[in-house]
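Values quoted throughout were computed directly from the atomic coordinates according to the rules given, and no laboratory measurement underlies them. Predicted model, so just to flag it, every value in this text is computed and none were measured. Backbone-built Cβ (ideal geometry, glycine too); neighbour counts: all protein chains shown.
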Amino acid sequence: MNSNLLLAHQMFSALDSEYHSKKWVGQEPLLSRQMKLSSEILAVFAVRKLDGKHILYLQCNPSDATAGHKYPAWKGISIEFSGFEHVGMEGCFVRIEQGEGSDDDVYFSICDDLCSCLKDALRSNLRQRLFAALERWKRFFSLRENIKLTREEQIGLFGELWLLRSMLKNGIGLQAIDSWKGPYHGVFDFSLQNMSIEVKTTAAKMPYKVFISNEMQLDERLAGGMLILSFLAVQSSDSSGETLGDVVKCIDDCIGDDEAARSAFQDKIFGCGLAHPHVDGYTSHYIAKEQAFFNIKEGFPRILSANLPNGLGDLSYSIEISACFNYKIDKQEFWRNASLHAKEEQL
């Protein structure tokens, strides 16, 4: 979007100020502002005078409406074709209205993203672009309830991205993108052929502990072969080290010109809540202090479902890293094994 154009959240914020001032005049039911997304697509940001509801109108082809096309929607938003409620504004629009109880910041972020996706678009491909963007948001809300990451989620994602970047630089190649389960809530964070990796990251001081969220998370029987615990200890900082955005950019650079890998990566970080511009809002820096790999096998300190009395389940617990040293494997050995399992997957 051109730098001289206001973003969606700024448009709606300005309209909200006008709405709350109660100084508006005229008989039109909406307060509105317009923004050209391209030579053929007009976006109209509106606040309904009756109840202060936010609405985004995107100019579209009338044939889209008459053909009965539907767009993905979810709780908190409604999407339909309509005219515009201002006198003198002709044409057909996709009407995207904020639902009851929907958070303003979330709705504004969605509208920001939709406008960015439609920048410089022709009206003939608006439906395709808009459908893809809305489908991505629908999938996002099926995986997450909140658009903002907690501090614990930020630290956990830093560790996963840190390992993903290391995989790209240590012989795994772009296959690492597919192996990362990202937002999809798989049993393990990474899955290669006959090898899975669970990543645990902490910003706490020594003695280091990792938190296990359920009795399946360290069960190698579910890994299809070898199960590795990747441990990373980080130090939070105001300026030194790397932000989440720094690691995302570095991974983008590693991907290079491979469009399929880039699209897969962008889809996954979007699902994690790290899409632009949200990723730039996470300004905490992290310094990697210590990193280690552990081979999860018989005797490793853990709780398994097979060892629980009937009726117990959904357990969470912590493990002291110092109790795992007998299962630590050399980093070169880990990368050698990971590369072999990645090659097996390609066969």
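What's the local net charge at residue 230, with K and R +1, D and E -1, over the other residues with C-beta under 11 Å away? Once all neighbours under 11 Å are counted, the net charge is -1. Based on Cα contacts under 8 Å between residues 6+ apart, the range 8-143 shows a relative contact order of 25 percent. Just to verify a number: FRET efficiency for residue 73 and residue 239, C-beta to C-beta distance, R0 = 35 Å, to 0.05? The pair residue 73/residue 239 has a calculated efficiency of 0.25. What is the chain's relative contact order, in percent, from Cα pairs under 8 angstrom and six or more apart in sequence? In percent, rounded to a whole number, it is 14.
Specify the angular offset, from 0 to 90 degrees and rounded to the nearest 10, of the alpha carbon long axis of helix 259-272 from the longest principal axis of the alpha carbons in the chain. Between helix and principal axis, roughly 90 degrees.
Among the trypsin sites (Lys or Arg not before Pro) in the range 241-317, those placed in a DSSP loop whose Cβ has at most 13 other Cβ atoms within 10 Å are 297. With respect to the chain, whose longest principal axis is taken over its alpha-carbon atoms, helix 151-169 is tilted by about 70°. Taking amide H as placed 1.01 Å from N in the peptide plane, residue 81 has its amide H under 5 Å from the amide H of 95, each at least 5 places away in sequence or on another chain. When the pairs 70/249; 49/119; 148/343; 75/297; 49/148; 249/289 are compared against a 32 Å limit on Cα-Cα distance, 70/249; 148/343; 75/297 fall above it. Proximity of backbone amide H atoms, modeled 1.01 Å from N, is registered between residue 241 and no other residue at under 5 Å, excluding neighbours fewer than 5 places apart on the same chain.
Helix 331-346 and the longest principal axis of the Cα set of the chain meet at an angle near 60°.
Using the alpha-carbon centroid of each, what span in Å lies between the range 175-204 and the range 74-145? A separation of 32 Å, based on Cα centres. Computed on the range 1-150, the Cα convex hull volume stands at 125 Å³ per residue. Size of the range 151-346: Rg and Dmax of its alpha carbons, in Å, are 16.6, 53.
Where nothing but the Cβ of Lys and Arg (+1) and of Asp and Glu (-1) is charged, how large is the charge dipole of the range 8-143 around its Cα centre, in debye to the nearest 20?
I would put it at about 200 debye.
Among 117, 254, sorting on how many other beta-carbon atoms sit within 10 Å of each Cβ, with the fewest leading, yields 117, 254. Each residue of the range 113-130 is assigned a 3J(HN,Hα), and the resulting list reads 5, 4, 5, 5, 5, 9, 4, 6, 7, 8, 5, 5, 10, 4, 4, 5, 5, 5 Hz, derived from the Karplus form 6.51 cos²θ - 1.76 cosθ + 1.60 (θ = phi - 60°), x at Gly and Pro. Between residue 283 and residue 145, the modelled labels are 2.9 nm apart [label points 7 Å from Cα along Cα→Cβ]. Close amide H partners of residue 92, meaning residues 5 or more places away or on another chain with modelled amide H under 5 Å apart, are 60. Our helix-only sum for the chain, with -39,500 (n - 2.57) per DSSP H run of n ≥ 4 divided by its residues, gives a mean residue ellipticity at 222 nm of -10500 deg cm²/dmol.
Residue exposure proxy: 180, 137, 335, ordered by other Cβ atoms within 10 angstrom of their Cβ from fewest to most, comes out as 335, 137, 180.
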